[in-house]
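Trainee: Attaching a single structure in structure tokens format; questions to follow.
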Amino acid sequence: MTKIVILTGAGISAESGLATFRDSGGLWSGHDLNEVATPQGFAADPALVHAFYNTRRRNAAEAIPNAAHAALARLQAALPDDVLIVTQNVDDLHERAGARTVWHMHGQLTHARCAACDHVWDAPMQMAADDPCPSCAAPATRPDIVWFGEFPRHMEEIWDALRQADLFVAIGTSGSVYPAAAFVQEAARAGADTLELNLEPSQTARDFAETRLGPASAVVPAWVAEILGD
Ligand code: APR
């Protein structure tokens, strides 16, 4: 059976009302990523960082999965052992659309982590740095997000999956952040076919065998229907 590895980025959640990072009006046009998405920024001003993620956590909780999230959940349900969803997104819209296997390489807004003992628990909607860790009681609570300069999650399993893939599909990502931006080359090197579904060509568009442009809520369901032979 065709093994499909799918990488999603902020663009798949844009039509659910969640801001992307690099589009006009995106998160990085309104915030300095060094202040809110680095360990140094958290050390300098944990309250500012928690405020940034508290707002994103509330926005994500209020957002509704769109047709693209639903289509990927449908595909994974139809081909349960052959569809892996790797996401750079920290929202839970894939899961709320019904996806079962989702690897969040940049962490999750719904999780909190202790900076002292690494314990992870379900995040309250509003977090503060001096919230005590449920495990070690240290007042060292941080969002369970992978910041710039920290190691993305699941990387060994992701590289293995890319090397075994028959098809790699990137959806709603600008291809501007590594290691995710290198996935297409790794998959192609291993002989996989490659497809990009995006609103506009990404920075790595030339590495894809095929690019289909349009809003995710239109191009993703159309692609899934094609795969499932609707
Ligand atoms: N449908 C499809 N694609 C869309 C849509 C849409 N409705 N709206 C925007 N896009 C595309 C944009 O054209 C762009 O290529 O989604 C992409 C969003 O790019 P970014 O804002 O850079 O988001 P992303 O690629 O996920 O960023 C990667 O950067 O800052 C870090 O950790 C952060 O995970 C994030 C990583």
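The values are calculated or read from the model by the stated rules, or taken from the named source; none is laboratory data. All values derive from a computational prediction rather than experimental measurement. Glycine gets a Cβ as well: all are built from the backbone with ideal geometry, and neighbour counts include every protein chain shown. What goes into the accessible areas is simple: the full protein's heavy atoms, side chains included, and nothing from ligands, DNA or RNA. Shrake-Rupley method; radii C 1.70, N 1.55, O 1.52, S 1.80 Å.
Trainee: Of all residues in the stretch 10-29, count the ones that are in a helix (DSSP H, G or I) and either open to solvent by 70 Å² or more (accessible area, probe 1.4 Å) or more than 20 Å from Val146 (Cα to Cα) (or both).
Mentor: 2
Results for (1) under 20 Å from Asn89 (Cβ atoms); (2) among the hydroxyl-bearing types (Ser, Thr, Tyr); (3) in contact with a Phe, Trp or Tyr (Cβ under 7 Å, 6 or more places away or on another chain); (4) surrounded by 15 or more Cβ atoms within 10 Å (Cβ to Cβ), shown as yes or no for each residue.
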| site | (1), (2), (3), (4) |
| --- | --- |
| Asn34 | no, no, no, no |
| Ala37 | yes, no, yes, yes |
| Ala43 | no, no, no, no |
| Tyr53 | yes, yes, no, yes |
| Arg58 | yes, no, no, no |
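Trainee: I would also like to ask the following. From the list Asp193, Asp207, exactly one residue is charged (D, E, K, R), open to solvent by 20 Å² or more (accessible area, probe 1.4 Å) and either under 18 Å from Val83 (Cβ atoms) or not assigned by TED's automatic domain parsing to the domain that holds Ile4 (or both). Which is it?
Mentor: Asp193
Trainee: Same structure, new question: Please give the number of the condition Cys117 fails out of (1) of a type in the set (A, V, I, L, M, F, W, C); (2) assigned by TED's automatic domain parsing to the domain that holds Ser13; (3) more than 21 Å from Ala19 (Cβ to Cβ).
Mentor: Cys117 satisfies all of (1) of a type in the set (A, V, I, L, M, F, W, C); (2) assigned by TED's automatic domain parsing to the domain that holds Ser13; (3) more than 21 Å from Ala19 (Cβ to Cβ) except (2).
Trainee: Let me ask another. So which pairs qualify, if the first residue must be in the stretch 102-114 and over 17 Å from Leu84 (Cα atoms), the second must be assigned to a strand (DSSP E or B) and aliphatic (A, V, I, L, M), the Cβ gap must be under 9 Å, and the two must be at least 6 apart or on different chains?
Mentor: Taking only residues 6 or more apart or on different chains, the pairs are Gln108/Ile145; Leu109/Ile145; His111/Val120; His111/Ile145; Ala112/Val120; Arg113/Val120; Arg113/Ile145; Cys114/Val120.
Trainee: If you don't mind, another one. Given the conditions (1) at pLDDT below 95; (2) more than 21 Å from Arg153 (Cα to Cα), report the number of the one that Ala44 does not fulfil.
Mentor: So the condition that Ala44 fails would be (1).
Trainee: Checking the conditions here, which among Asp130, Asp122, Asp118, Asp166 is surrounded by fewer than 18 Cβ atoms within 10 Å (Cβ to Cβ) and more than 30 Å from Ala44 (Cβ to Cβ)?
Mentor: That would be Asp166, the only listed residue that is surrounded by fewer than 18 Cβ atoms within 10 Å (Cβ to Cβ) and more than 30 Å from Ala44 (Cβ to Cβ).
Trainee: Do you know which residues across the stretch 153-163 are closer than 16 Å to Gln88 by Cβ and either open to solvent by less than 50 Å² (accessible area, probe 1.4 Å) or away from the ligand (no atom under 16 Å from the Cβ) (or both)?
Mentor: Listed by number, the residues that qualify are Met155, Glu157, Ile158, Trp159, Ala161, Leu162.
Trainee: Would you kindly identify the helices (runs of 4 or more DSSP H) lying entirely within the stretch 155-230 that contain at least 3 residues that are of a type in the set (Val, Ile, Thr) and within 19 Å of Ile12 (Cβ to Cβ)? So that I can check it myself, show each step before the final result.
Mentor: Working: elements: 155-164, 183-189, 216-227.
Hits in the stretch 155-230: 216-227.
Trainee: When you go through (1) open to solvent by less than 30 Å² (accessible area, probe 1.4 Å); (2) away from the ligand (no atom under 16 Å from the Cβ); (3) modelled with pLDDT of 95 or more one by one for Gly175, which number turns out not to apply?
Mentor: (2)
Trainee: Report, by residue number, each residue of the stretch 180-229 that is away from the ligand (no atom under 12 Å from the Cβ), β-branched (Val, Ile, Thr) and touching a residue at least 60 places away in the same chain (Cβ under 8 Å).
Mentor: Val224, Ile227
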